[in-house]
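The values are calculated or read from the model by the stated rules, or taken from the named source; none is laboratory data. In this text, all values refer to a predicted model and were calculated from it rather than measured experimentally. Note: areas computed on protein heavy atoms with side chains; ligands, DNA, RNA excluded. Shrake-Rupley method; radii C 1.70, N 1.55, O 1.52, S 1.80 Å.
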Amino acid sequence: MDAELKLNKILVQVQKLNKFEQAALLKKISSLLNVNEQPAKPVRLIEISGMGSSLWHDVDIDKYVDEERQW
């Protein structure tokens, strides 16, 4: 059976639930999704220093800033 068809059948059943039951189901599904999620590691600014600098390599910074000030 096609995954989308399965999802549509599930959605039909969910729509039959009242709002409280739908919210409880959503909470359960959400907790299932969060089980395998690792907490985000804090990023220190020094670790990302220079990130994206290659994007500005060919840009005339003074000209860019002047153009941005014009609007």
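The count of lysine pairs in the chain whose Cα atoms are under 18 Å apart, excluding pairs fewer than 8 places apart on the same chain, comes to 5. Computing Kirkwood radius over Cα pairs in Å directly from the structure and comparing it against (1) 16.5; (2) 18.0; (3) 15.2 singles out (2). In the full protein context, the chain carries 104 Å² of accessible surface per residue, based on a 1.4 Å probe and ignoring ligands, DNA and RNA. Note on the chain: with neighbouring protein chains present and a 1.4 Å probe, carbon and sulfur make up 60 percent of its accessible heavy-atom surface.
Can you tell me how much longer the chain between GLN22 and ASP60 gets when fully stretched, taken as 0.36 nm per residue apart minus their C-alpha distance, in nm with one decimal? Can you show the working numbers first?
Details: separation 38, 0.36 × 38 = 13.68 nm, distance 5.45 nm.
8.2 nm is the gain from fully extending GLN22 to ASP60.
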